[in-house]
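I have placed the structure first, in the form of structure tokens, so that the comments after it can refer back to it.
Only the coordinates and a few stated rules stand behind these numbers; no lab work does. Note that the coordinates shown come from a computational prediction; the quantities given were computed from them, not determined experimentally. Reconstructed Cβ throughout: ideal geometry from the backbone, glycine too, with neighbour counts over all protein chains shown.
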Amino acid sequence: SAVISQKPSRDICQRGTSLTIQCQVDSQVTMMFWYRQQPGQSLTLIATANQGSEATYESGFVIDKFPISRPNLTFSTLTVSNMSPEDSSIYLCSVGQGPNTEAFFGQGTRLTVV
Amino acid sequence: AQSVAQPEDQVNVAEGNPLTVKCTYSVSGNPYLFWYVQYPNRGLQFLLKYITGDNLVKGSYGFEAEFNKSQTSFHLKKPSALVSDSALYFCAVRDRGSTLGRLYFGRGTQLTVWP
């Protein structure tokens with residue numbers, strides 16, 4: 001298993017500002033994923049972040065809005081840039097070790113943009 | 001295209017009764033299947049998975065799920081529900097051929113167990 005520490009757990013931000021969310025894993029992992037979970041809805045994958053390469057973004061998400069860093073095998077950050085109220089959501093970090101293994105999730109970051 | 005359907009937004013059961021949370025899927029290849037649970041203000045917790053072998057898999061907290069290839073279903077079950085089982089449940093699928101390893105999630109089913 002993997003233990004994931006995600007910070008901050010929640011934040012209230014002004015529109016137009018940016019927030020960086022950190023995800024720290026207690027072991028080396030190949031793949032890290034960033035999801036968004038809007039109120040009452042399912043998880044939507046934002047991007048896949050592999051160490052040493054550019055993040056792969058899903059349709060509807062762009063690097064300028066959601067820049068991601070993956071400097072090593074235990075850490076990643078997601079920045080939500082130039083925020084608007086529509087960005088209010090829960091953001092979740094997830095890690096995976098292989099296709100037939102379960103994914104593990106951080107506690108999530110509850111973001112409110114005012 | 002990969003997709004997961006959870007046809008029920010909400011399931012309500014009385015404590016002590018059996019529960020079923022439904023999931024059907026569509027993948028281009030053979031799937032790996034997962035169930036996760038989310039309690040309020042928490043991340044997702046892994047419950048169980050189907051990889052290969054016996055179609056009936058057992059997981060945490062007394063939950064089990066049955067893989068039915070012909071019906072492309074992976075329903076979550078528990079013989080006797082507890083009030084503490086009340087939570088949001090997500091079914092997820094991963095294509096075996098996926099190199100990225102991403103999961104596709106259903107929209108979630110809110111389970112409420114009444115005392």
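Given a Förster radius of 41 Å and the C-beta distance between B:ASP9 and A:GLN51 as r, what FRET efficiency does 1/(1 + (r/R0)^6) yield to the nearest 0.05? After rounding, the FRET efficiency stands at 0.60.
Report the GluC sites (Glu not before Pro) located in segment A:36-114 that are in a DSSP loop and have at most 12 other Cβ atoms inside 10 Å of their Cβ, or state none. Don't jump to the answer; show the numbers that get you there.
Working: sites: A:GLU54, A:GLU58, A:GLU86, A:GLU102; in loops: A:GLU54, A:GLU58, A:GLU102.
For GluC sites (Glu not before Pro) across segment A:36-114 that sit outside H, G, I, E and B with at most 12 neighbouring Cβ atoms in 10 Å, the list reads A:GLU54.
In the structure displayed, which of A:LYS7/B:LYS49; B:LYS22/B:LYS49; A:LYS7/B:LYS78; A:LYS7/B:LYS58 lie more than 26 Å apart, Cα to Cα? Violating the 26 Å limit, Cα to Cα: A:LYS7/B:LYS49; A:LYS7/B:LYS78; A:LYS7/B:LYS58.
Among the cysteines of chain A, those whose beta-carbon sits 4.7 Å or more from every other cysteine beta-carbon are A:CYS13. Taking other residues whose beta carbon is less than 13 angstrom from the beta carbon of B:ALA92, and scoring Lys, Arg as +1 and Asp, Glu as -1, yields +2. The alpha-carbon positions of chain A define a convex hull whose volume is 97 Å³ per residue. Ordering B:THR109, A:THR30 from the fewest to the most neighbouring beta carbons within 10 Å gives A:THR30, B:THR109.
Where does the charge balance sit around A:ILE21 when Lys and Arg score +1, Asp and Glu -1, over other residues with C-beta under 14 Å from its C-beta? Mind showing how you got there, number by number?
Values: positive: A:LYS7, A:ARG10, A:ARG36, A:LYS65, A:ARG70, A:ARG110; negative: A:ASP11, A:ASP87.
Result for the local shell: +4.
Please give the average number of partner chain Cβ atoms lying within 10 Å of the Cβ of each residue in A:87-99, rounded to a whole number. Walk me through the numbers before you get to the answer.
Details: counts 0, 0, 0, 3, 0, 3, 1, 4, 1, 5, 1, 2, 11.
Mean shielding count: 2.
Inter-chain neighbour count for B:41-48: the average number of beta-carbon atoms from partner chains within 10 Å of each residue's beta-carbon is 6. Counting neighbouring Cβ atoms within 10 Å and putting the fewest first, the residues A:ARG36, A:ARG110 line up as A:ARG110, A:ARG36. Quick check: net charge around A:SER59, other residues with Cβ under 14 Å of its Cβ, Lys/Arg +1 and Asp/Glu -1? Summing Lys and Arg as +1 and Asp and Glu as -1 gives +2. Peptide B:27-40 is shielded by partner chain Cβ atoms: per residue, an average of 1 of them sit within 10 Å of its Cβ.
Residue order for A:CYS13, A:CYS23, fewest other beta carbons within 10 angstrom first, comes to A:CYS13, A:CYS23. The distance between label points at A:ASN100 and B:ASN55 comes to 2.0 nm (points 7 Å beyond Cα on the Cα→Cβ vector).
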